[in-house]
Structure formats: C-alpha cells, structure tokens
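One structure below.
The values are calculated or read from the model by the stated rules, or taken from the named source; none is laboratory data. As the structure is a prediction and not an experimental result, all values here were calculated from the model. As a convention, Cβ positions derive from the backbone with ideal geometry for all residues, glycine included, and neighbour counts pool all protein chains shown. The area values use the complete protein model at the heavy-atom level, side chains included, leaving out ligands, DNA and RNA. Shrake-Rupley method; radii C 1.70, N 1.55, O 1.52, S 1.80 Å.
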Amino acid sequence: MADPSTYRPAPGAIPTSPGVYKFRDAHGRVIYVGKAKSLRPRLSSYFQDLAGLHPRTATMVTTAASVEWTVVATEVEALQLEYSWIKEFDPRFNVKYRDDKSYPELAVTLDEEYPRVQVMRGAHKKGVRYFGPYGHAWAIRETVDLLLRVFPVRTCSNGVFKRARQVGRPCLLGYIGKCAAPCVGKVSADEHRALAEDFCDFMAGRTGNYLRRLEEQMQEAAAEMEYEKAARLRDDIGALKRAMEKNAIVLADATDADLLALAEDELEAAVQIFHVRGGRVRGQRGWVTDKVEDVDTAGLVEHALQQLYGSTRGDERNESVPREVLVPALPEPAEPVKEWLSSLRGAQVDLRIPQRGDKKDLMATVQRNAQQALALHKTKRASDLTTRSRALQEIADALELDSVPLRIECFDISHLQGEDVVASMVVFEDGLARKSEYRRFQIKGFEGQDDVRSMHEVISRRFRRYLQEREETGEWAVPEADDPGAAPAADGAPETPAEGGSEIPAGPIDPDTGRPRRFAYPPQLLVVDGGQPQVAAARRALDELGIDDIALCGLAKRLEEVWLPGEDDPVVLPRSSEGLYLLQRVRDEAHRFAITYQRNKRSKRLTAGELDSVPGLGETRRQALLKHFGSLKKLRAATVDELCAVPGIGRRTAETVAAALSSRTPAAPAVNTATGEIIDDSADAAGPAAAAAPQTAPSQETP
C-alpha cells in the first residue's frame, strides 16, 4: 500500500484551469481518469486524511504511485477527453456507466433501407454513422428538430414507420414538413437516402452556408418587425451552434495527426505532443530540455521531431508517424524534414502550421499544457536544495566571491514613457524568494525618464536606510553622503511590503515599535537589471555611502550577460548554468514586481477622484458620502451639518471634507468624444474614470 503523500504534488504546482487527470500505479498503468472544472481543488481533495475518503477512493489513492494532468480550455473539452481516455485505458477504478450508457451521440442508420436519425448511447454498430459524443444531449435534439426543416429525414421508430405504411397516413412530422414521409411514398428510397447523406455531410462540418442563411433570415425578419420570427430564428441558431460547435478535443473521424507545441524562455524549453488517432487524443507526452545553444523556435521544433521519431525502430515507424504533423513553426528549410518523415512513414506526410479551425484550437490546448509543464518544472527546480546550492556556488565562482551569496537583492526600474516611474526590490534567501521582504519605491528626486539616475536614487535610499538602522543599533556610524542632490532620507521611507507575506522578516527588532526593522540586513550580492550604465550608477551610490563590502553585478537581458563594476567585458555563464538560471529568475521576479506596481500606480492616477486626497477619509467613508449625496456636485453644496448626518462622518471629518472641496474649482463637465454629449455630473458617483472619455494607452511599456 502506497502513501499518497509520497507523490502528492505541491498545491501551487496544480493549475486552476479545467482539465483531465490520470492516476497511475507503480507499473505505469492508468487506474483512474477524472475531469475537473478546476484541477487544483479537485486533486487536492484526494490527498486529505484517508479516513475522510470514500473506501473506493481511499483504495485508489493508496494503489496509485503518481498523478498527472492535462489542461484544456472548457469543461466540455474535459468531458470529451475524459470519455476518450476512459475508452482508451479502461481504468479499473472508474465507475462503469449505468445501464451500459455512455455519452450521447447522434447516429444515422445508413444500414437501413430508409435511414433514420436518432440520438444513441452505448456501443457502436456496423453500418451506422456516428457524430459526437456531445456534452449536451438536449442541444442535439433541438438541432435535429431544426435540421429536419432542411433535411426531412425520418426520425420515427421502426414500429411507427410500419404502422404508417399500413394505414397509408404519415405521422405528424410528415404533415408539418419535418419528414419526407417515405412511409407513404412521397419520396422514393433513393431520394430519402440522398437526404440522409446530405444530413451527414452537414453534420460532418459543412455548416457555414446554412448558418449564414439562418442569420440572413433573422435579420430580414427583424427589419420587417417580425420579432417573434426573428427571436425563434435566433434561438434556432443558438441551439445549432451549441450542438455543432467543434470541440478542440474531438476532430474529424479520419484525423490522424501529431500536434507539437513549445513553451520556452532564454534557458529552457518545454515540449508537449498530443497524438490524435481517429479524431481522438489517444496519447500525450512531453519533456523539458536545456537550450545549450542559441536556437530559435524553428530549430527547437526540428530537434523535437528528431527526438520524437528518430528513436522509432523497425516496423513501428509506419505506425508512429501520422499523416499530419502540426507544429508552431516550420524548420528552416522544411523540405528535408518532410522528406525524412515521409520516408519513415512510407507515404506522404504533411508538416505544417495550423492556421484556423479545430486543429488550431487543439494546438492552443497543447500550448497551454507546454506552458504549464515549463512552470511546473521551474517550480520543482527552484525547490530542489541540491540544485539551489549548486546555483549559489556557481554564482560565487563566476563572480569570485569569498562565500556563496545567501541573500540576494535585485532592483529594477519601471515606467510608462517616463511617467509613473517606480522601482522594485526583491529578496532571495538561500535561492528562494522571500516575498515578505520585497519593497517598492517611487522615484522622487526628479521627473522624467532616466533609468540610470533612477537606479542611483533607489540604491542610495535603500542603503541609507540600512546605515541609519545600523546606527540606531550602535553597529555603524553613518558617513555623510557625498551627493548633495540625493533624495533625503525620508524619501527612502518604507514602501509598502509586497504581496502579503505572512512570514516575519529577519532582522533586529525595533525596541520602540516591537516590529522588525525594514532594511536591517545587507545582501551578500546586489543585482541590478541592466548593463554597464546601471551597474556604474549602483556602484557610485554605494561609494557615496562608504559601503564597500557588498558584491554588485548587473544582468543584461538581451544576451543574459553578467556585468561587474569597472569591467569592460561581461562575465558569460554557460546557458545551461544553474547559476545563470537563478540570476535570471531573480531578475524576472524584480521585473514582474516593478511592472505590477507601476500598472497599479498608473491605474490609481487615472481613476483618482477629488475625495481621494482628503486626509483621514478612507474608501468606506468616501463611498458612504457619495451614496448619500448621489454626486460630487451635491456633495460640494452640502453644509457641515449635512455632512455630519452621514453615518460614520464626525464633525472634524465633515469640516475637513467641506474645506477640501470648497478650495477646489469644480472640474469641467465630462464630454463623450464619440457623440459630443455632456455627461451628467451624477456620474461622479462612480469616479471620474467612469465619466471620462475612453483613453488609448501608449503601445509600449518600458520596464
């Protein structure tokens, strides 16, 4: 009996998207297949206390040795993929369908003299054309009813059909035009079979003309004010689209293809392959590879194809290479690869990029799985103690440090075309992010775009605070700063801590507040996002403060070069280096944190209202005031006594609000630039952003 905790994935590694999961035993056999609207809570439920699980579920999780998952776009896709894999693997712990039922399919009995259209479940029969399975049986029936207006194929049972022939009178559908009534000879057997074959062609995917015709009829009915008819056609189109929508997991019956997708960064690439046979996803495989050479996406595709098909031996090659191989980018040149694949298959192989339709949608699903696989690999790699230790040692060796940098701080500057300039500071300790010690800064010493000057200011503020806290503890005497233009110490004041870390930050405790000091610990390695100019600015800031015992480097993003102060040539780490991987991860985290803060700051600036700057007035009381008076116009005209009548507003706050609003001139009325209409001032209740005309954001955001 296996312990489920030995193969339990980390909760943060499981995606929250829809998907299908498989439990495998120690021999690699699939023992259970399931689907979920959100994979994370569903999979986590299997790893609770065994006493709280159903006995069958407890037996399953103790029999299993691993779990894996595949992400999809919708719940319907998860349903289809679960169906395909249950049929493919026949897992022992999956509940069998009651009354031998399975997912509904639309069937046309072409083996009969007069083919019949019906919804069927269960095993397939010879001579019957099947479409599906589908997730919505009711939508199939509605669509069949709709299609009978164009393709009046019989839908009655054999008993009803024989009785109609005997009495010489068709059923109700024959009278209302939804059946060609072959039972009474209105059409011949050949004519009726032609209708059935046209119906099959339509169900096979040629739906565009019919949908366009229905939409035209709906628009004509609406133009002639026949709204009931237009509404009925609208409902018919909706039902048709629901039943006929092509699912990304189920392709045409004859489709045999392999779909290959990639997710990559500067150091690694994740490859995912879906094997489609007979229109169904029959298998999935993937791997993560190091980019030991400078290779683009096309080159990665070529290497992946070689690894995928080059290892196939003997007679297996004809079966392993399908008719189509779909890739995100074609190798350069593509013809030799096509010829090689065709020689392996013994027939022509189509190597191409899907441009539209179901195959492109399925390629997007494969791409999502590749991205998830790369993220999972990075999570596992970052959490491995041996790997982190090797990365820190490689950094120490490359930068010629006396000891490994157990604490690394990285700084990044972010702005939008020179506006809302901010900076971030992220902290990694022992190779892991310490989010409780992240800090963010507003650039206050100057206005405009100057990344080098911004870096100098931020480094000065951070380490001036460090020296101040060292002085307060009696460990350091603060030297005077050489730069008279540097921002004052108060400007380096605490920026809000990051992303809700609950862990208590390290550092001496402030005896006055009982809280940890914010900048008490220095890093062993200081990393800046940039090249020689940014490194020189950081070095100058440290020199001005008299700090010479902190190692410094910069990581340039274009070629991933490590720059040291005063050096003309960069340090180039191998692209497969764990040290470079860690530096890259630190830099990317600083960039993410900076750009998130910059976007939030810009958003608040664009949506700020007149009440936002009133001291002592929080969000709750702002909303209470606007709700009570209805608009800023009425709020400006209110007296102090009227303001005091609002729940939660005292006289002192009311006087502050009245004074703040009276000291400002009312803003000009907002105008809708599309229509020229003056927007009513009552829109102020929703904030000025709601009343303002739409703004087009600049196209480039500079990190």
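Quick notes
- Of the criteria (1) over 18 Å from Pro405 (Cα atoms); (2) modelled with pLDDT of 90 or more, which one Thr513 fails: (2)
- Scope the stretch 43-86; condition open to solvent by 40 Å² or more (accessible area, probe 1.4 Å), of a type in the set (Gly, Ala, Ser) and free of Cβ contacts under 8 Å to residues at least 12 places away in the same chain; matching residues: Ser45, Ala51, Gly52
- Residue-level check: of (1) of a type in the set (Gly, Ala, Ser); (2) crowded, with 18+ Cβ neighbours inside 10 Å; (3) at pLDDT 90 or above, Gly174 misses just (3).
- Qualifying residue in the stretch 627-634 (condition: modelled with pLDDT of 80 or more, open to solvent by 20 Å² or more (accessible area, probe 1.4 Å), in contact with a strand residue (DSSP E or B) (Cβ under 6 Å, 6 or more places away or on another chain) and farther than 18 Å from Arg651 by Cα): no
- Check on Leu351, more than 26 Å from Ser460 (Cα to Cα) and in a strand (DSSP E or B): yes
- If the condition is being open to solvent by less than 50 Å² (accessible area, probe 1.4 Å) and under 11 Å from Ala270 (Cα atoms), then the stretch 368-386 contributes Asn369, Ala370, Gln372, Ala373, Leu374, Leu376, Lys378.
- Verdict on Ala58 being within 27 Å of Trp287 (Cα to Cα) and over 27 Å from the mean Cα position of the chain (by Cα): no
- All of Ser403, Ser454 fail the test of being polar (S, T, N, Q), assigned to a loop (DSSP other than H, G, I, E, B) and either touching a residue at least 24 places away in the same chain (Cβ under 8 Å) or crowded, with 18+ Cβ neighbours inside 10 Å (or both), apart from Ser403.
- Conditions (1) modelled with pLDDT under 50; (2) closer than 30 Å to Ser414 by Cα; (3) part of a loop (DSSP other than H, G, I, E, B); number of the one not met by Leu617: (1)
- Leading residue by the ranking (nearest to the chain's Cα centre (by Cα)) among those in the stretch 32-55 that are farther than 16 Å from Arg8 by Cα and outside any loop (DSSP other than H, G, I, E, B): Ala36
- Residue tally, condition open to solvent by 30 Å² or more (accessible area, probe 1.4 Å) and under 16 Å from Leu583 (Cβ atoms), over the stretch 409-433: 4
- When Ala261, Ala270, Ala304, Ala298 are screened for being farther than 20 Å from Glu82 by Cα, at pLDDT 90 or above and not hydroxyl-bearing (Ser, Thr, Tyr), only Ala261 passes.
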